[in-house]
1. Roughly what % of Cα-Cα distances in the chain sit above 30 Å, to the whole percent?
2. Among all the lysines, which ones have a C-alpha under 18 Å from residue 290's C-alpha, if same-chain residues fewer than 8 places away are not counted?
3. Note the angle between two axes, namely the Cα long axis of helix 338-347 and the longest principal axis of the Cα atoms of the chain, as a number of degrees from 0 to 90, rounded to the nearest 10.
4. Take the chain, connect every pair of alpha-carbon atoms lying under 10 Å apart with a spring to form a Gaussian network, then pick out the residue of 301, 195, 48 with the largest mean-square fluctuation.
5. What percent do you get for the relative contact order of region 182-326 when only Cα pairs under 8 Å and 6+ apart count?
6. Using a 7 Å offset from the Cα along the Cα-to-Cβ direction at both residue 300 and residue 322, what is the distance between the two label points in nm, to one decimal?
7. Compute the length gained on full extension between residue 191 and residue 3: take 0.36 nm times their separation in residues and subtract their Cα-Cα distance, giving the result in nm to one decimal.
8. Starting from the 7 Å offset along Cα-to-Cβ, what nm value, one decimal, do you get for the label separation of residue 198 and residue 237?
Amino acid sequence: MSILLPAGAVLRRLELPARADAAPSPLIREYTAVRNACVAEETGRDDEAQTPEAMLAVLRGDADVTRTQWYVELDGRIVGCVPLNISHDGDGGMAIGTIALLKEHWGRGIGTAVLRFVEEQARTAGVRRLLCWNQHRGADARGEVASPTGFGAVPNDHAARFLQRHDFRLEQVERASELRWTSDSEDHLRSLQHEAQTHALDYRVVQWMLPTPSAHLDGYAWLKSRMSTDVPDAALDMPVERWDAERVHRHDARYAARGAHVLVTAAQHIATGELCAFNELAIIGADAAKTDQEDTLVLAEHRGRRLGMLVKTAGLLSWRARYPESPYVVTYNAEENRPMLSINEAIGFTPVAYEGAWRKDLT
C-alpha cells in the first residue's frame, strides 16, 4: 500500500520481517536511522537513539497494543516515520501516534496529509482519542502554551503550532530530569535512604532483575496496573490497564528483545508481604549508556511513609554498583506531580527538557 503525498512524497506501510527472531532488514535499519535523526532534531540530544535490533522489538504488536508503522519516502529515501499504537485496554478507544519528519522537509504539506491519513486509520479502528507526546526545547518568539493543569508550559514552537492548527490541545507538561553521578552522589543517596527507612520500619526493600521471579509476578502486575490509576494524567483519559502474570511475561520479554537490563526495586509490607511501591531502572546496550528511570509508584494507601524515596535511593545505589560506567540517569514526571518531583530534586535530579502531552478527540 502506498499513498501519494504533497511534494512528490509517498507514504508506505513498514513491513516487518516475518520471523520474530529475524535480524533487522535494510528497510528497518534505514527507518531506525531516520527515526533517530528526527528525535535528535527534536530534542537536541542523541541519547534517545535506538539500534535497529532494539527498534525492531518495539515495532511488533502484541496482546496489549496493535502497533502499525508507515514511512514517508521521497526520491527513493526515507524522510519520515509514522507509528500508530492502539491500546487494547479499556474500550480500545485510545491510540498514541507520532509524525516524525526530517526538518528539511517541514512546511511542504507532508505532515498535514500524513496526519489526515493516520486519523482516518485510527477512526476506522474505533479510536476516539489520539494522543501525542512531543518534546519542546528552548524559547520561541511566539511565546508559550500553558498546561491547563496550571503546572508548566511548552514553547509555542513549530510542533506546538502544527498540533494546535490540527485541533490537538495540550493537556499536560512533563519534566525530563537528569541525575549526573558525582563523587558525592553515593554518600548522599545513602543518607537519604537511611532517613527514609526510619519512616518505613514496617517495610523491607526487595529487588530483582528482569525477568520477574515467580514469587513477585502477581505483586508486580498489581503495581503496574495501578500506574494507570494512581499517577496524574490530567485530562488525557488514559485507560485502566489490566495486568496479570502473562502480561508481565510479555513486558519482560519485550525488554529482553531490546537488549535491555532492568532492575526493579520494591517496598514490601513486612506483615502482609504486599508490594506497596516500586521503581524501575533500565539500560539498553553498552554498560556505559545512559540509564532510564522508568515507572515509579507508591500505592495511594501506603503514601506518607517515604516509600518513594526509599525505593528510588535503594535502586540507584544498587544500580551504581552494577553499572558504574553509566554516566547519568534520565526520568520523566508530570509537572503537577510535586511529591515525586520533590523526591527527585532532593536526590539531585535537575530539569533538562519539557515534553507536552497532546490530545485530539476524533469525531
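1. 40
2. Within the straight-line cut-off, residue 290 pairs with 312.
3. 70
4. 301
5. 30
6. 3.1
7. 61.8 nm
8. Placing both labels 7 Å along Cα→Cβ, they lie 4.8 nm apart.
Laboratory data are not the source of any read-out in this text; all were calculated from the coordinates shown. The structure presented is a predicted model; accordingly, all values stated were derived computationally and were not measured. When we count neighbours, we look across all protein chains shown, and the Cβ atoms used for this are built from the backbone with ideal geometry, even at glycine.
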